[in-house]
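A quick write-up on the structure given underneath.
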Amino acid sequence: MPEKTYTEALNEALHQEMDRDDTVIVIGEDVAGGAGTQGDDVEAIGGIFGVCAGLGKKFGRTRVIDTPITESAIVGTAAGAAMTGLRPVAELMFVDFLGVCFDQIYNQTAKFRYMFGGKASTPLVIRTAVGAGLSAAAQHSQTMFSTFTSVPGLKVVMPSNPYDAKGLLIQAIRDDDPVIFCEHKLLYAMKGEVPDEDYTIPFAEANWLRDGEDLTIIAFSAMVPKAIEAADKLAEEGIKCTVIDPRTTSPLDEESILESAEETGRVVIVDESTPRCSIASDISSIIVDKAFKALKAPIKKVTAAHSPVPFSPALEQAFIPQTEGIIEACREVLGSN
Amino acid sequence: MKKEELLKVYKTMRTIRSFEEQCDKEFMQGNIPGFVHLYAGQEAVAVGVCSHLSDEDKIGSTHRGHGHCIAKGCDVKGMMHEIMGKADGLCKGKGGSMHIADLSKGMLGANAIVGGAPPTAVGAALTAKTLGNNTVAVAFSGDGASNQGTTFEAMNMAVVLQVPVIFVFENNGYGEHTGADYAVGSKDIAKRAEGFGLPTYKVNGTDFFDVYETAGKAIKDAREGKGPSALEADTIRFGGHFIGDPQNYRAEGELDKLRAERDCLKIFRSKVISDFDLKEEELNLIDKEVNALIEGCTKSGLAAPMPDSKELTSDVYLNY
Amino acid sequence: MSSIEAITVPQWGLTMTEGTLVKWNASEGDAVQEKGEIAEIETEKIVNVLESPADGILRKIIGKEGDTLPVGALIGILASESTPEKDIDKFIEQYKPIELSAPSQSTNEVTSSNTVSSVPPSTSAPGEGRVSPAVKRLAKKLGVDLTEVSGSGRNGRISKEDVELASKDLSSNTENEVQSDNNDNPFDSIPLTSMRKTIARRLTESKQNIPHFYLTADYSIDKLLVKRKEMNKENLKISVNDLLIYCVARALIEEPRANVQLIEDEIRQYRHADISVAVATDSGLIAPIVKKADTKSIQEISEEFADLAKRAQKGKLRREEILGGTFSVSNLGMFGIKHFEAIINPPQGAILAIGGAIEKIIASEGKPLSANIMSVSLSCDHRVIDGAVGAKFLQALRKHVEEPE
């Protein structure tokens, strides 16, 4: 199977879906780039991370729309278009910008269907770059997963590898509900096997990346490679871990999580978000609620620190959960009886 | 303006230019992490405005904030250390290029959120009015931010509250990679600001004197309680949106032309020599001084230690 | 016959996994008849004769004399004389031994594969039934064939409950086929039910891990029998067992060191006696609990136990009525058993095995006396109950049994 980067996989998904369906449009800042410069036929950048490369040239500026820097209007416009017949893929360049447009996301987009008695359909995808590790500092490095997940009406997706990225984005575009599609900055360069044809991965279907009866590690987005590293290190000592990547936090594949928790009784959850009200807290609470008797030890959460994301690399590395921290948490959970 | 003042202006602009050029170099060598947005080319605006401001006056800036920082008097060494993420940086390494601040100098911070600063500046102006301390606030924005909802709201709020804030829009022709011509629907930022009820001015952002004179008037009016105003400065940036931007949106030869014809430092130099009787050598001396300063800061910055990970969660709260 | 027939190492008996080919009784090219003795195979030190599966020519001998091969391995090819050589070669090449599902592999074998899934498992089409690794393992443990399970979850997902349900169906639906093994003694094949498996596992654990010791005592129950008679005059249905439960409960309160559970490193000495009383049902032994028996009257105990026993027979006991219990009582007296030693139910510390009462002549103050003597045996976990404690408990019990109020 051909190897592609996460960016290429996403780019393919967009190309294929825009080919297949004329109502799919892309809208955001610099999605083509160069609008209003040099005669307007320049694709200056194809998205700040290159995910939209080639789309502007191929489909033209009526379907690939560069916008001013005006997030509220971007999301609001995209939501309105979605409700009335288009299938927009809007880009929120960095998830941290959700502040200036959050009303359009959580009060409008998320609630149209419900408020209007099921009569409205908002097939909007908001693609956004999340996560720390590039020293992009406090206002360009957050994850905000739980902010979105907590809002009824939104679906929240965070692929951890190129194969998932393509399948989940195609699924998101075809899904008739609003989807917040979280792309982790550090994963854009990740390579992996990605089929050339289009395919979907259903939501609420976790992926099992390692299998073992001793301990369950739940991780998502950029924490998955670290979880796998931790699991493999522990395997050398004869400790066999199951690693589960939920892929989507809303809807969530509770069944897979509970089945493994019930089997191992020992759970570690790795989440790059800040600790309070994180996805890790949420999943932990679900497990305690539904599989308490099976637990042999308290659930351990490995999260970022309760602070804004620091700029200096030395501090940022201390902020983000690392493989050693995951292994430590696993040992704690195994050590408890 | 007196000779010393002019030399000071030149030094400040020169410091910004050299600082930015050094950042470019250091970034390309991998000594600066994260994202950096260079101000080179826009110096006349920052210095033209900030020359009228004291430490007690406040400014809010953008992600392209090094120039405003230096113009407002922030410590250059502290800035360089901060941008390199060092423990003794202006913000202890926690903010970085996009969040440089020094409240003791009235610099309310560079802001990574486009349109993030104007509302804050309005707040600073409200304090000034409430306390009656004769100070003003300046909100620097780009042409990109001029389209952001928060900017519109800030302008309206300033007019409604009649607070001493000046909105300075630096139109360098590009909002990220998109042309200002395309993104600003009304084409004329100043004219649009007028619609909010502000007196507005347009200046040539590459001519220090034009900026200085007009900004002086706007700031004086604000200090005298005559309310907020807006300034649109037509300027240029030499670099891309960020360091590493391939700048595919520029026409061929555009940058060369800009450097030849619209370099505010060149323009200033020729003007002060011809109209104010300054000498080439005096300016060259300043160039040398500034280069030495920047070199020194770079050296010390590279050698300085990174912050201790114990500092990760300090300064989140005052007490918790 | 034109088809090619495989001669393979047969499965003789449930536990055979391999056999040694001792001798071929035919050579390549020989004609053999169905059921003719074509080879001798040794297994478990016994040599058996292998019969030919069909008529034909022994075209190829693959297994050599002296080879030890797994059950199902190909050892020879039968075909007609005219069958082309290359067809036979192709057959041999493509031959795959049938996966004989040996029940001996029901031990908890962990197949934790640490293979990388950077390409995630293939996405399932709707209705294709995803199964998580944990559930796959459970299915294997319970002997459930996943291809026969219909998933009740999203997109046909097979859940833990689906597998457990299927496992229950398995145990109730199995027809007892009459089979015959080589000893010409037909037998009914009765697979272990989940319940039986659980009993097997728990009691094996108990016997292996707990240092059991046994104390025996004989009680004279004449007075107890009199009391029973009196109570039943009032139209009650008190049994000897009910009375014994009552006595045991009170004895446990007097000697609480016998009313214990061992949990990890902790001895839990309970304030009340929750007595598990063994009941024999069609599906196996089960022990419903009479909770806080020390606070209940004989009549209450009798009624409660009657209800529990009835529901036990019907399989209608609730979880909390079976799990827990601080002490167990098992009575085989009604089957004429004089005396037996029971196996402790962990995490409890002891179990009392009660035998049937026999009318005997005993000596009392030098004179012969007729008495109903009942023999009891107390099994104790020596980690938590010492001989003296066990003995004291039996002493207390004697008091209650021989001198009922």
- Query: Is it the case that some residue within region C:57-70 is at pLDDT 75 or above and within 30 Å of A:Ala235 (Cβ to Cβ)?
  - Reply: yes
- Message: Tell me the residue from A:Lys166, A:Lys226 that is over 30 Å from B:Asp315 (Cα atoms), outside any strand (DSSP E or B) and charged (D, E, K, R), please.
- Response: A:Lys166
- Message: Here is a check on your reading of the model: is A:Phe97 of a type in the set (Phe, Trp, Tyr), under 22 Å from A:Gln142 (Cα atoms) and surrounded by 24 or more Cβ atoms within 10 Å (Cβ to Cβ)?
- Response: yes
- Item | First in region C:46-63 and in the same structural domain as C:Lys23 (by TED's automatic domain parsing), second anywhere and polar (S, T, N, Q), Cβ under 6 Å, 6 or more apart | C:Asp55/C:Gln33
- Consider A:Val31 carefully, then state whether it is away from chain B (no Cβ under 13 Å), part of a loop (DSSP other than H, G, I, E, B) and in contact with a helix residue (DSSP H, G or I) (Cβ under 8 Å, 6 or more places away or on another chain). no
- In region C:340-368, residues that are exposed (fewer than 12 other Cβ atoms within 10 Å of the Cβ) and either of a type in the set (Ser, Thr, Tyr) or within 30 Å of the chain's Cα centre (by Cα) (or both) total 1
- Working only within region C:369-385, note down all residues that are surrounded by fewer than 19 Cβ atoms within 10 Å (Cβ to Cβ) and not in a strand (DSSP E or B). C:His382, C:Arg383
- Query: Which number in (1) surrounded by fewer than 17 Cβ atoms within 10 Å (Cβ to Cβ); (2) more than 13 Å from chain A (Cβ to nearest Cβ) marks the one condition that B:Asp234 misses?
  - Reply: (1)
- So which residues in region B:266-285 are within 25 Å of the chain's Cα centre (by Cα) and among the basic types (Lys, Arg)? B:Lys266, B:Arg269, B:Lys271
- Query: What number of residues in region B:155-204 are among the small types (Gly, Ala, Ser), within 14 Å of chain A (Cβ to nearest Cβ) and more than 19 Å from the chain's Cα centre (by Cα)?
  - Reply: 4
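Conditions (1) assigned to a helix (DSSP H, G or I); (2) touching a Gly at 6+ places or on another chain (Cβ under 7 Å); (3) crowded, with 16+ Cβ neighbours inside 10 Å, marked per residue:
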{"site": "B:Lys257", "(1), (2), (3)": "yes, no, no"}
{"site": "B:Lys271", "(1), (2), (3)": "yes, no, no"}
{"site": "B:Ile286", "(1), (2), (3)": "yes, no, yes"}
{"site": "B:Ile294", "(1), (2), (3)": "yes, no, yes"}
{"site": "B:Asp315", "(1), (2), (3)": "no, no, no"}
{"site": "B:Asn319", "(1), (2), (3)": "no, no, no"}
- Task: Looking only at region B:41-65, count how many residues are closer than 20 Å to B:Ala124 by Cα and assigned to a loop (DSSP other than H, G, I, E, B).
- Result: 11
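Evaluate the following for C:Gln208: is it surrounded by fewer than 18 Cβ atoms within 10 Å (Cβ to Cβ), within 19 Å of C:Ala391 (Cα to Cα) and free of Cβ contacts under 8 Å to residues at least 40 places away in the same chain?
When the stated conditions are applied, C:Gln208 does not pass them.
Tell me, please, whether a residue that is in the same structural domain as A:Ile173 (by TED's automatic domain parsing), of a type in the set (Asp, Glu) and buried (at least 18 other Cβ atoms within 10 Å of the Cβ) can be found in region A:39-46.
Yes, region A:39-46 contains at least one residue that is in the same structural domain as A:Ile173 (by TED's automatic domain parsing), of a type in the set (Asp, Glu) and buried (at least 18 other Cβ atoms within 10 Å of the Cβ).
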- Query: Can you tell me which residues in region A:236-254 are small (Gly, Ala, Ser) and in contact (Cβ under 8 Å) with a residue 24 or more places away in the chain?
  - Reply: A:Ser250
- Message: Out of the residues in region A:93-128 meeting the condition of being more than 12 Å from chain B (Cβ to nearest Cβ), in contact with a Leu (Cβ under 8 Å, 6 or more places away or on another chain) and outside any loop (DSSP other than H, G, I, E, B), tell me which one is farthest from B:Phe35 (Cα to Cα).
- Response: A:Thr109
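Here is a yes/no grid of residues against (1) crowded, with 16+ Cβ neighbours inside 10 Å; (2) farther than 30 Å from C:Ser189 by Cα; (3) modelled with pLDDT under 85; (4) not aromatic (Phe, Trp, Tyr):
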residue: C:Met16; (1), (2), (3), (4): yes, no, yes, yes
residue: C:Gln33; (1), (2), (3), (4): no, yes, no, yes
residue: C:Ile98; (1), (2), (3), (4): no, no, yes, yes
residue: C:Ser101; (1), (2), (3), (4): no, no, yes, yes
- Going through region A:310-326 in order, the residues found to be more than 9 Å from every other protein chain (Cβ to nearest Cβ), among the hydrophobic types (A, V, I, L, M, F, W, C) and crowded, with 22+ Cβ neighbours inside 10 Å are A:Ile326
- Task: Can you give me the ranges of the helices (runs of 4 or more DSSP H) entirely in region B:66-135 with at least 1 residues that are aromatic (Phe, Trp, Tyr) and under 20 Å from B:Glu43 (Cα atoms)?
- Result: none
- Residues located in region A:247-272, provided they are away from chain C (no Cβ under 14 Å) and touching a strand residue (DSSP E or B) at 6+ places or on another chain (Cβ under 6 Å): A:Thr249, A:Ser250, A:Val268, A:Ile269, A:Val270, A:Asp271
- Query: Which of the helices (runs of 4 or more DSSP H) contained wholly in region B:140-196 include at least 1 residues that are under 15 Å from B:Thr120 (Cα atoms)?
  - Reply: B:149-161
- Of everything in region C:143-165 that's more than 19 Å from A:Asn207 (Cα to Cα), part of a helix (DSSP H, G or I) and in contact with a Leu (Cβ under 8 Å, 6 or more places away or on another chain), which residue is nearest to the other protein chains (Cβ to nearest Cβ)? C:Val163
- Filtering region B:1-40 for residues that are in a loop (DSSP other than H, G, I, E, B), under 26 Å from B:Phe276 (Cα atoms) and of a type in the set (A, V, I, L, M, F, W, C) leaves a count of 2
- Item | Spans of helices (runs of 4 or more DSSP H) in region C:216-335 with at least 3 residues of a type in the set (Lys, Arg) and at pLDDT below 95 | C:222-233, C:298-314
- On the given criteria, is A:Ala81 under 25 Å from A:Met190 (Cα atoms), over 23 Å from the mean Cα position of the chain (by Cα) and in the same structural domain as A:Tyr188 (by TED's automatic domain parsing)? no
- Message: Going residue by residue through region A:204-221, is there one that turns out to be away from every other protein chain (no Cβ under 11 Å), aromatic (Phe, Trp, Tyr), buried (at least 23 other Cβ atoms within 10 Å of the Cβ) and outside any strand (DSSP E or B)?
- Response: yes
- Considering each of A:Ala314, A:Ala280, A:Ala291 in turn, give the residue that is outside any loop (DSSP other than H, G, I, E, B) and touching a Lys or Arg at 6+ places or on another chain (Cβ under 8 Å). A:Ala280
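Only one residue in A:Ala305, A:Ala280, A:Ala230 is under 25 Å from the mean Cα position of the chain (by Cα), in contact (Cβ under 8 Å) with a residue 12 or more places away in the chain and within 14 Å of chain B (Cβ to nearest Cβ), so which one is that?
Values: A:Ala280 fails: within 14 Å of chain B (Cβ to nearest Cβ); A:Ala230 fails: within 14 Å of chain B (Cβ to nearest Cβ).
Answer to the selection: A:Ala305.
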- Scanning region B:90-134 for residues that are touching a residue at least 24 places away in the same chain (Cβ under 8 Å), among the polar types (S, T, N, Q) and closer than 28 Å to B:Val160 by Cβ, which turns out nearest to the other protein chains (Cβ to nearest Cβ)? B:Asn111
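The values are calculated or read from the model by the stated rules, or taken from the named source; none is laboratory data. Keep in mind that this is a model prediction, so the values were computed, not measured. Every residue, glycine among them, receives a Cβ derived from its backbone with ideal geometry; neighbour counts consider all protein chains shown.
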